[in-house]
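Visitor: The structure's right below; bear with me while I get my questions together.
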Amino acid sequence: MDPKDSLFSTQISHLALDIGGTLIKLVYFSPNGDNCEGGSIVVGNGCSVVQGRLCFAKFETRKIDDCLDFIRFNILQHSGVQHTNGTARDKLSVKATGGGAFKFADLFKEKLGIVFDKEDEMHSLVCGVNFLLKTVPREAFTYLDGQKEFVQIDHNDLYPYLLVNIGSGVSMIKVDGDGKYERISGTSLGGGTFLGLGKLLTNCKSFDELLELSHQGNNRVIDMLVGDIYGGTDYSKIGLSSTAIASSFGKAISDGKELEDYQPEDVARSLLRMISNNIGQIAYLNALRFGLKRIFFGGFFIRGLEYTMDTISVAVHFWSRGEAKAMFLRHEGFLGALGAFTSYKDQSHSTELKPHHHTVERAVLKCSDDDSFRHTPVTANVNDGEAIEFRRLETTVATSPRILHRNQVYHSSFVEEEGITKACGCPLLPLKSHIKGPAPVSEQDRTDIVDEAITFFRANVFFTNFPIKSPADKLLIYLTFYINVALKRLEGCRTLAVGTKAIINLGLEDIPVPGETGFPFPGLFSLPSSQEEADLFRNYLKQVREETSGRLLSVAYRANGTPNKWWLAFAKRKFINVVLL
Ligand code: ADP
């Protein structure tokens with residue numbers, strides 16, 4: 001068997017997707033969790049099987065190729081299911097929800113060999129919320145007048161409640177129990193409206209930019225307030241204060257100004273206020289219709305933003321005269337994806353990505369109180385400034401005993417030492433290389449140590465110690481270290497041409513051998529017994545480093561010369577320093 005076929009066996013075990021109109025949300029389980037670069041989620045050990053993390057990621061639906069790449073490189077490949085002949089991939093079935101589970105089904109099948117096992121969108125949302133409310137302590141909270149208060153959820157008194165999911169559009173769902181729900185209302189004025197109108201009105205390019213603008217703006221510049229109409233006084237007879245908004249954007253009609261005369265910050269602020277207010281009010285009216293006292297708000301529009309939550313809370317509080325409560329969820333954006341993820345639990349499975357039943361144990365050890373990540377989204381630093389967020393949720397998931405966790409480093413397969421020259425105890429293994437040097441030439445269709453180093457890199461780099469099983473492992477360690485160094489040089493190189501220059505410069509640097517200053521692993525190799533041996537080893541290292549550099553460039557950059565973030569993100573990692581001899 002080609003060693004590549006056995007790589008990364010089921011390191012990430014389960015995946016669920018929620019493909020919405022604006023964003024694709026991913027929830028996946030990673031036994032060691034470390035490959036959720038840029039932040040992630042800690043998942044504990046449920047029934048002594050696997051400890052890892054629930055990782056959450058999101059991508060813009062319009063950039064679906066990024067999502068495909070992410071799944072290909074960070075999930076399928078790590079799961080050992082990236083077969084090139086397609087046979088294993090054809091059988092992969094993954095839970096998916098949202099409209100995109102239909103729209104993009106063919107694309108995922110064609111590009112990744114993944115077949116969607118579709119879960120109903122509303123059902124998934126409700127399952128996701130119920131899972132969070134029942135499982136994760138300090139998940140729900142109120143936010144009013146700048147005060148955040150966590151709400152203790154009594155499992156026996158959870159229902160009924162109103163779920164308001166603010167995605168591109170808004171759905172309002174009355175939830176009466178597990179699997180008992182009804183979509184009672186909604187509005188098309190949702191997160192998509194905020195983003196769409198915001199882009200048109202302010203020329204900003206992204207949601208984050210629009211939020212940033214809205215932070216700095218003042219809605220009173222454009223909104224017509226009660227006081228503007230009443231000469232600065234309240235309309236107290238009907239309970240309207242002078243600062244209440246009488247008409248969103250209402251001042252624009254009388255000011256005689258053009259759009260350019262307004263600051264984009266103020267426009268963004270009014271828009272955010274208008275959308276949030278409207279949703280809060282419609283939510284309250286629906287809660288009133290059905291006598292519901294608790295309203296949970298979810299969806300990516302909220303993004304933990306204080307101003308948004310405050311506006312919604314004030315609307316609910318104001319209209320209900322304090323009777324109904326607006327509550328928010330710490331993992332508001334991933335409700336549908338979580339619901340789809342938890343639906344694995346009811347099924348037995350036949351493929352590698354499907355977990356066993358009881359995948360998600362409803363036992364949570366702890367949930368981090370530190371939710372600062374909410375307001376400063378963790379950027380995985382992977383795609384040119386467009387943030388990919390990972391959220392942390394410390395919770396406990398038990399995975400099936402059948403899902404094997406790769407908890408060992410990948411060793412080199414070149415254990416045969418016969419006929420191999422050594423220098424400083426390092427086997428000078430053959431290379432598929434045209435670069436001049438002392439390495440014997442390997443056949444082009446055979447795996448060489450550079451292939452191993454590159455293929456194993458993204459798994460091995462996570463380990464903090466590396467038990468050596470053969471002398472070839474020492475070379476593997478050296479090359480893993482070298483790839484790590486080279487990736488750090490490539491960080492920030494936005495094109496293949498710039499990256500190539502950085503790598504050429506790295507190649508010009510001195511290459512120390514054991515015993516010389518700067519050799520990375522003292523004691524890993526024996527000291528040279530002569531100048532000749534030192535030169536031989538130096539020349540071999542030079543050749544193998546150059547060969548590695550060339551092949552690294554071809555994976556770290558795409559065919560069009562742009563960086564492949566799923567490689568360059570690994571520049572952040574620091575490879576081990578403990579070598580077990
Ligand atoms: P959907 O499933 O319809 O895509 P989501 O719950 O994912 O809905 O929310 C989408 C909304 O979230 C967008 O319309 C926008 O208002 C908001 N949003 C939050 N973060 C982003 C982002 N980084 N890019 C685009 N929209 C975002």
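Visitor: Does any residue of the stretch 76-90 turn out to be outside any loop (DSSP other than H, G, I, E, B), modelled with pLDDT of 75 or more, within 16 Å of the ligand (Cβ to nearest atom) and open to solvent by less than 40 Å² (accessible area, probe 1.4 Å)?
Guide: Checking the stretch 76-90: not a single residue is outside any loop (DSSP other than H, G, I, E, B), modelled with pLDDT of 75 or more, within 16 Å of the ligand (Cβ to nearest atom) and open to solvent by less than 40 Å² (accessible area, probe 1.4 Å).
Visitor: Among what's in the stretch 203-222 and is within 12 Å of the ligand (Cβ to nearest atom) and either among the aliphatic types (A, V, I, L, M) or outside the structural domain of Met274 (by TED's automatic domain parsing) (or both), pick the residue that is surrounded by the most Cβ atoms within 10 Å (Cβ to Cβ).
Guide: By that ranking, first place goes to Leu210.
Visitor: Also, quick follow-up: Of the residues Gly231, Gly227, which single one is open to solvent by 20 Å² or more (accessible area, probe 1.4 Å) and outside the structural domain of Tyr307 (by TED's automatic domain parsing)? Step through it out loud before you land on a result.
Guide: Details: Gly227 fails: open to solvent by 20 Å² or more (accessible area, probe 1.4 Å).
Exactly one residue qualifies, and that residue is Gly231.
Visitor: Only one residue in Phe341, Phe296 is modelled with pLDDT under 90, under 28 Å from the mean Cα position of the chain (by Cα), within 14 Å of Leu125 (Cβ to Cβ) and not small (Gly, Ala, Ser). Which one?
Guide: Of the residues listed, the single one that is modelled with pLDDT under 90, under 28 Å from the mean Cα position of the chain (by Cα), within 14 Å of Leu125 (Cβ to Cβ) and not small (Gly, Ala, Ser) is Phe341.
Visitor: May I ask you to verify whether Leu200 is part of a helix (DSSP H, G or I) and within 16 Å of the ligand (Cβ to nearest atom)? Break it down stepwise before answering.
Guide: On the way: part of a helix (DSSP H, G or I): yes; within 16 Å of the ligand (Cβ to nearest atom): yes.
When the stated conditions are applied, Leu200 passes them.
Visitor: Report yes if Ile19 is within 15 Å of the ligand (Cβ to nearest atom), surrounded by 24 or more Cβ atoms within 10 Å (Cβ to Cβ), at pLDDT 55 or above and of a type outside the set (Lys, Arg), otherwise no. Please lay out each step first, then the result.
Guide: Details: within 15 Å of the ligand (Cβ to nearest atom): yes; surrounded by 24 or more Cβ atoms within 10 Å (Cβ to Cβ): yes; at pLDDT 55 or above: yes; of a type outside the set (Lys, Arg): yes.
Here the answer is yes, as Ile19 does meet what is asked.
Visitor: What single numbered condition from (1) farther than 29 Å from Pro264 by Cβ; (2) at pLDDT 95 or above; (3) open to solvent by less than 30 Å² (accessible area, probe 1.4 Å) fails to hold for Asp120?
Guide: For Asp120, the exception is condition (3).
Visitor: Does Leu133 fit the bill of being out of contact with any Asp or Glu (no Cβ under 7 Å at 6 or more places or on another chain), crowded, with 16+ Cβ neighbours inside 10 Å and aliphatic (A, V, I, L, M)?
Guide: On the way: out of contact with any Asp or Glu (no Cβ under 7 Å at 6 or more places or on another chain): no; crowded, with 16+ Cβ neighbours inside 10 Å: yes; aliphatic (A, V, I, L, M): yes.
Criteria not met by Leu133.
Visitor: Moving to a separate point now. Taking the conditions exactly as written (under 18 Å from Asn460 (Cβ atoms), of a type in the set (A, V, I, L, M) and open to solvent by 20 Å² or more (accessible area, probe 1.4 Å)), does Leu524 satisfy them or not?
Guide: So Leu524 does not fit the description; no.
Visitor: Which condition does Ile153 not pass, out of (1) in contact with a helix residue (DSSP H, G or I) (Cβ under 6 Å, 6 or more places away or on another chain); (2) closer than 23 Å to Ile282 by Cα; (3) free of Cβ contacts under 8 Å to residues at least 24 places away in the same chain, if it passes all the others?
Guide: Every listed condition holds for Ile153 apart from (2).
Visitor: What tally of residues in the stretch 284-316 results from selecting those that are assigned to a loop (DSSP other than H, G, I, E, B) and either away from the ligand (no atom under 14 Å from the Cβ) or of a type outside the set (D, E, K, R) (or both)?
Guide: Here the count works out to 9.
Visitor: Could you look through the stretch 152-197, keep only residues that are in a helix (DSSP H, G or I) and within 13 Å of the ligand (Cβ to nearest atom), and pick out the one that is most open to solvent (accessible area, probe 1.4 Å)?
Guide: Once the filter is applied, the top-ranked residue is Leu197.
Visitor: Now for a different question. Of the conditions (1) part of a helix (DSSP H, G or I); (2) open to solvent by less than 30 Å² (accessible area, probe 1.4 Å), Lys542 clears all except one; give me its number.
Guide: (2)
The values are calculated or read from the model by the stated rules, or taken from the named source; none is laboratory data. Please read all numbers here as calculations on a predicted model, not as lab measurements. Note that each Cβ is placed from the backbone with ideal geometry, even for glycine, and that neighbours are counted across all protein chains shown. Note: accessible area is taken over every heavy atom of the protein model, side chains too, but ligands, DNA and RNA are not part of it. Shrake-Rupley method; radii C 1.70, N 1.55, O 1.52, S 1.80 Å.
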